[in-house]
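The values are calculated or read from the model by the stated rules, or taken from the named source; none is laboratory data. Note that the structure is predicted; figures quoted are calculated from it, not measured. Every residue, glycine as well, gets a Cβ built from its backbone with ideal geometry; the counts of neighbours run over all protein chains shown. With ligands, DNA and RNA removed, areas are computed over all heavy atoms of the protein, side chains included. Shrake-Rupley method; radii C 1.70, N 1.55, O 1.52, S 1.80 Å.
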Amino acid sequence: MSIITVKNLRKSFGTVEVLKDINAEVQEKEVICVIGPSGSGKSTFLRCLNLLEEVTGGEVVINGHDITDPKRKININKVRQEVGMVFQHFNLFPHKTVLENITLGPIKIRATDKAEAGRLALELLDKVGLKEKASSYPGELSGGQKQRVAIARALAMNPKIMLFDEPTSALDPEMVGDVLEVMKQLAKEGMTMVVVTHEMGFAREVGDRVIFMDGGYIVEENEPNELFGNPQHERTKAFLSKVL
Amino acid sequence: MDIIVAALPLLLKGLQVTLYIFVIAIILGFLIGLLVALLRLAPIKILNWIAKVYVDAIRGTPFIVQLFFIYFGVNSLNLISLDSTTAGIITVAINAGAYFAEIIRAGIQSIDKGQTEAARSIGFTGAQTMRYVVLPQAFRRMLPTITNQSIISLKDTSLLSVIGIADLTQQGQIQASATFEAFKVWLAVGVIYFIIIYLLTLIANFIERRVQVR
């Protein structure tokens, strides 16, 4: 059974229809990369997967929970605990230390013991290579370091799915590699990931499947070698010729 | 000088009343402000409207009219009987509350939307997001304006002397007419207000430095 199922998803902002009939499935442990020109709706699509955007129509089922069902009141906060999200602009909490950023969720939501949460946070920081920054504040970190902390913060809730919204787009070029390295490691460990990205190299290397979106539709999806090597649609070809 | 020395005990007694009213009223006012700010931002139209009417009504009328309305107006209905101190505290509180509401609303709105999204994506409820993520950041930004409004409210308490509250200003009036030394007495009263407000500013600056976002 797929861990994410999206059926006939539509999303409008006012009169502007950003997503028009999106259908997609993600299997457990799959890494899906979503590419496409800006304004194609790929970020909106991602944000619908944890209801950061209210959907206009259609169905989103996450790990068996139909989060778009208006009748059965699903506790979205519960579902979100299982879906980590990493943002383009990190969105770390500037008033908390790196360690507190990571432990806040487990302590306040899961009622994890403070010492236990701290121990887990240090483990995660070690994993992203930032153990020595535990007592720093986000303002003292570089962009790449912030993003790795953001990944650790999301992982602290022990999610089943990780969503990445252009995680390297706001980084200086020399910082991108560190972040992608952490994401690769995560993929290797079997995390289910949906990654909106402009990093075609990453999509090609790490993605199990690549989705190309344009104009609010999924134009084409395929395994990376096929999609990049042998695109079927004109729009995919035109986009790839510009970015590759 | 001996006139001031003789008047000082009574002036300080008045100061005690001023501070008593100020402290209670400013705490109440702050709680009112926080509540009204949250109503103002709540996704329910009628609550926004109630909050807006309250803020507009207070901002659009003079303090002294609000004071007379509560002390004379409400008391004249014979439904409840407010003594002057209670009426004074209520007036300062609802007056400051309206201004605090606007300060807090602006503070909350100044926090980047990404902060809320990050907290919600972890699984925090709306209320938890407010409490652990948005408000702590917003309060740091609001501190200078909160201090400012508190000082204004402290000075507003001097108007309470007109309904017979024996605050610092009222004691000044009594001493000035009893001694015929208006110049010295009012100078002393002014100096006392100044010192209190200066201390308040120092405390606020200290807190501001302590909680600065790094």
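Points to keep in mind about this one:
- Screening A:E30 on (1) at pLDDT 95 or above; (2) over 18 Å from the mean Cα position of the chain (by Cα); (3) more than 13 Å from every other protein chain (Cβ to nearest Cβ) shows it passes everything except condition (2).
- Considering residues of region A:58-75 that are on the phi > 0 side of the Ramachandran plot and part of a loop (DSSP other than H, G, I, E, B) only, the residue farthest from the other protein chains (Cβ to nearest Cβ): A:G64
- Screening A:A170, A:A203, A:A156 for residues that are of a type outside the set (K, R), away from chain B (no Cβ under 14 Å) and touching a residue at least 24 places away in the same chain (Cβ under 8 Å) leaves exactly one candidate, A:A203.
- Within region B:15-39, considering residues that are open to solvent by 60 Å² or more (accessible area, probe 1.4 Å) and under 18 Å from B:A106 (Cα atoms), the one farthest from the chain's Cα centre (by Cα): B:L38
Okay, residues lined up against (1) open to solvent by less than 20 Å² (accessible area, probe 1.4 Å); (2) in contact (Cβ under 8 Å) with a residue 12 or more places away in the chain:
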position: A:G36; (1), (2): yes, yes
position: A:G41; (1), (2): yes, yes
position: A:L51; (1), (2): no, yes
position: A:T56; (1), (2): no, yes
position: A:I62; (1), (2): yes, yes
position: A:I74; (1), (2): no, no
position: A:F87; (1), (2): yes, yes
position: A:T112; (1), (2): no, no
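- Scanning region A:87-110 for residues that are of a type in the set (S, T, N, Q), within 11 Å of chain B (Cβ to nearest Cβ), within 28 Å of B:T125 (Cβ to Cβ) and in contact with a strand residue (DSSP E or B) (Cβ under 6 Å, 6 or more places away or on another chain) turns up at least one hit.
- The number of residues in region B:42-61 being loosely packed, with under 15 Cβ neighbours inside 10 Å, within 14 Å of B:F100 (Cα to Cα) and of a type in the set (F, W, Y) comes to 0.
- Within region A:207-230, the residues that satisfy the criterion of being farther than 19 Å from A:I22 by Cα and open to solvent by less than 20 Å² (accessible area, probe 1.4 Å) are A:G207, A:P224, A:F228.
- Reported count of residues in region B:166-214, each being among the acidic types (D, E) and open to solvent by 50 Å² or more (accessible area, probe 1.4 Å), is 2.
- Answer residue from region A:35-51, given it is part of a loop (DSSP other than H, G, I, E, B) and over 11 Å from the mean Cα position of the chain (by Cα) and is nearest to the other protein chains (Cβ to nearest Cβ) among those: A:L51
- Test result for B:I151, surrounded by fewer than 19 Cβ atoms within 10 Å (Cβ to Cβ), β-branched (V, I, T) and away from chain A (no Cβ under 14 Å): yes
- The condition of being surrounded by fewer than 16 Cβ atoms within 10 Å (Cβ to Cβ), modelled with pLDDT of 95 or more and more than 14 Å from chain B (Cβ to nearest Cβ) holds for A:E123.
- Within region B:77-86, the only residue that satisfies the criterion of being open to solvent by 80 Å² or more (accessible area, probe 1.4 Å) and among the hydroxyl-bearing types (S, T, Y) is B:S81.
- Listed by first and then second residue, the pairs with beta-carbon distance under 7 Å, at least 6 apart or on different chains, first residue in region A:175-192 and open to solvent by 40 Å² or more (accessible area, probe 1.4 Å), second assigned to a helix (DSSP H, G or I), are A:M175/A:G143; A:M175/A:G144; A:D178/A:G144; A:D178/A:R148; A:K184/A:V206.
- Residues in region A:126-136 include at least one that is crowded, with 21+ Cβ neighbours inside 10 Å and more than 13 Å from chain B (Cβ to nearest Cβ).
- Look at region B:190-210: where a residue is of a type in the set (S, T, N, Q) and a partner is open to solvent by less than 100 Å² (accessible area, probe 1.4 Å) and in a helix (DSSP H, G or I), sitting 6+ places away or on another chain with Cβ atoms under 8 Å, you get B:T201/B:T147; B:T201/B:I151.
- For B:T129, the test of being among the polar types (S, T, N, Q) and away from chain A (no Cβ under 14 Å) is failed.
- Unmet criterion (only one of (1) away from chain A (no Cβ under 14 Å); (2) buried (at least 19 other Cβ atoms within 10 Å of the Cβ); (3) not polar (S, T, N, Q)) for B:F124: (1)
- Applying a threshold of 6 Å to beta carbon distances and a minimum spacing of six or more residues, or different chains, the list of pairs starting in region A:128-152 at a residue that is at positive phi and ending at one that is hydroxyl-bearing (S, T, Y) and in a loop (DSSP other than H, G, I, E, B) is empty.
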